1. Identify, from the list 37, 58, the residue that is at pLDDT below 95 and either within 20 Å of the chain's Cα centre (by Cα) or closer than 15 Å to residue 85 by Cα (or both).
2. Does residue 91 satisfy the criteria of being under 18 Å from the mean Cα position of the chain (by Cα), more than 21 Å from residue 141 (Cα to Cα), part of a loop (DSSP other than H, G, I, E, B) and of a type in the set (Ser, Thr, Tyr)?
3. Being part of a loop (DSSP other than H, G, I, E, B), open to solvent by less than 10 Å² (accessible area, probe 1.4 Å) and modelled with pLDDT of 90 or more is the filter here; which residues of the range 121-162 pass it?
4. Taking residue 107 as meeting all but one of (1) within 18 Å of residue 39 (Cα to Cα); (2) exposed (fewer than 14 other Cβ atoms within 10 Å of the Cβ); (3) modelled with pLDDT under 95, write down the number of the exception.
5. Quick one: count up the residues across the range 63-84 that are over 16 Å from the mean Cα position of the chain (by Cα) and part of a helix (DSSP H, G or I).
6. Any residue at all in the range 48-55 that is open to solvent by less than 10 Å² (accessible area, probe 1.4 Å), outside any loop (DSSP other than H, G, I, E, B) and in contact (Cβ under 8 Å) with a residue 24 or more places away in the chain?
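The values are calculated or read from the model by the stated rules, or taken from the named source; none is laboratory data. All values reported here derive from a predicted model rather than from experimental measurement. Because the Cβ atoms are built from the backbone with ideal geometry, glycine has one as well, and the counts that use them run over all protein chains shown. Only protein heavy atoms, including side chains, enter the accessible area calculation; ligands, DNA and RNA are left aside. Shrake-Rupley method; radii C 1.70, N 1.55, O 1.52, S 1.80 Å.
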Amino acid sequence: PEALLAGGRVSFGQLSDLHLHRIGRHEERVAEAVNRLRPDFLAITGDTIDRADRLSVLDSFLGLLDPIEGFAVLGNWEHQSQVDLRALERTYSLHNINLLVNQSTVLEHRGKRLLITGLDDLIEGSPSLERALAGVRASAQHLILAHCPAHRDVLLHDATWGTKLNPMSFTLAGKNGNVLILSGHTHGGQICLGGWAPVRPRGSGRYVAGWYTDGP
């Protein structure tokens with residue numbers, strides 16, 4: 001995906017739901033595909049590993065990627081498998097990946113400013129947009145990383161999930177701003193029949209795959 005930056009563009013390579021257990025040919029092909037794309041930055045949207053003893057595999061996988069700055073968030077499986085989050089953060093940081101758990105950071109790129117917010121997982125974590133945006137200055141361009149796509153409806157005040165979060169992210173960018181949310185989790189439908197996905201994990205909401213630009 002590309003985020004608009006007030007007259008310019010910045011590209012992100014997105015990786016999600018890798019569920020790394022080993023480094024085989026599939027994992028090598030994924031890394032090769034990212035390297036061929038040569039994105040400006042990397043976004044990792046959770047469920048990278050699903051066992052606490054797979055941090056070394058993650059370290060090896062990230063080592064296959066060309067040096068790149070990136071941003072990561074947690075998925076439900078990092079919580080469910082009780083991954084040591086401090087060790088996970090250290091592993092990411094060794095490869096210039098910033099783990100954001102209810103945190104925001106400002107990316108300055110080619111003289112432009114992009115606000116990046118990473119939220120904790122909707123299902124197993126404790127997401128807090130209010131904490132993530134505390135003291136943050138408004139930006140015309142806002143990228144939100146959230147593992148579960150249903151998080152979008154939470155931010156848009158979908159009563160199905162309640163209104164635990166303050167939807168201030170959609171006002172931070174202003175009337176002429178851009179807000180982009182990147183998620184994973186659905187696996188494109190865990191069972192998919194002719195484009196129909198009857199089975200999706202909790203937290204998928206109405207989302208399956210692709211781009212969604214509809215309103216609340």
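1. Among 37, 58, only 37 is at pLDDT below 95 and either within 20 Å of the chain's Cα centre (by Cα) or closer than 15 Å to residue 85 by Cα (or both).
2. Working: under 18 Å from the mean Cα position of the chain (by Cα): yes; more than 21 Å from residue 141 (Cα to Cα): yes; part of a loop (DSSP other than H, G, I, E, B): no; of a type in the set (Ser, Thr, Tyr): yes.
Answer is no for this residue.
3. Within the range 121-162, 121, 146, 147, 148 qualify.
4. Residue 107 satisfies every listed condition except (2).
5. Within the range 63-84, residues that are over 16 Å from the mean Cα position of the chain (by Cα) and part of a helix (DSSP H, G or I) number 3.
6. So far as the range 48-55 goes, no, none of its residues is open to solvent by less than 10 Å² (accessible area, probe 1.4 Å), outside any loop (DSSP other than H, G, I, E, B) and in contact (Cβ under 8 Å) with a residue 24 or more places away in the chain.
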